[in-house]
1. Can you give me the angle between helix 2-28 and the longest principal axis of the chain, using Cα atoms only, in degrees from 0 to 90, rounded to the nearest 10?
2. Counting heavy atoms of the protein chains only and a 1.4 Å probe, report the per residue accessible area for the stretch 16-143 as a whole number of Å².
3. Given +1 on the Cβ of Lys and Arg, -1 on the Cβ of Asp and Glu, and no further charges, what dipole in debye does the chain carry about its Cα centre, rounded to the nearest 20?
4. Identify, among Asn122, Pro101, Val171, the residue whose Cα sits farthest towards the positive end of the charge dipole of the chain, taking +1 on the Cβ of Lys and Arg and -1 on the Cβ of Asp and Glu, with the dipole about the Cα centre.
5. Which residues in the stretch 74-116 have a backbone N closer than 19 Å to a point placed 7 Å from the Cα of Gln137 along the Cα-to-Cβ line?
6. Distance from the Cα centre of the stretch 153-191 to that of the stretch 65-130, in angstrom?
7. Could you rank the peptides 145-158, 71-84, 5-18 by their average count of other C-beta atoms within 10 Å per residue, with the highest value first?
8. Alpha carbons only, please: Rg and Dmax for the stretch 76-191, in angstrom.
Amino acid sequence: MLDALIWLGEHFIGMFAKGGETFVGLVTGIVPTLIVLLTGVNALIALIGPERVDRVGEWAARPGFQYYPVRYILLPFLSVFFLTNPMAYTMGRFLPERYKPAFYDSAVSYVHPPLGIFPHINPGELFVWLGIATGIQNLGLPLVDLAVRYLLVGLVVIFIRGIVTEWITAVMLARRAAQQSAEMAGAEVAA
């Protein structure tokens, strides 16, 4: 009985020790990188000028189908390529609220497709690409062809996802506005 309690005590505290090791790994690994990346991006925005960066967001947010590729292909690609995962999602802050969910959907969907050519984009998920690449190489098929196709299909997919998510967001915002109008009308009648 005493041995069981000692074992339980050691393993109980051992669980927290492992959690502490994981925390220290994050504090000495990804956290400083993200802080430096955030600082660098904010410094770059300050050097370029926030108004110029805002203009890119305004340009991407213009109405019309011709701006969809800017909003859901170019902006996510540049964000993912230069800022990598997870910092890429912050570029959505330059878009109006109605486009942010669709931009996020496009950007988050594009952190895997370019890994075969640009592994710096999402090194934490590189094992997925490497597993696929190993299978392709074992079959004797060319790996570069797959990497290029994966990247290009990813661009098509993020474009479609951006448009669909923008449409869904517009429908949901319209429903919310209609519901709020109905509630306000009901409150006025009750008063």
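1. For helix 2-28, the angle is close to 50 degrees.
2. The answer is 57 Å² per residue.
3. Its charge dipole is roughly 600 debye.
4. Result: Val171.
5. Label zone hits: 114-116.
6. Cα centroid of the stretch 153-191 versus Cα centroid of the stretch 65-130: 23 Å apart.
7. 71-84, 145-158, 5-18
8. Rg and Dmax of the stretch 76-191, Cα atoms, are 20.1, 76 Å.
The values are calculated or read from the model by the stated rules, or taken from the named source; none is laboratory data. As the structure is a prediction and not an experimental result, all values here were calculated from the model. Glycine also receives a Cβ, built like all others from the backbone with ideal geometry; neighbour counts cover every protein chain displayed. The accessibility values were calculated without ligands, DNA or RNA, using every heavy atom of the protein model including side chains. Shrake-Rupley method; radii C 1.70, N 1.55, O 1.52, S 1.80 Å.
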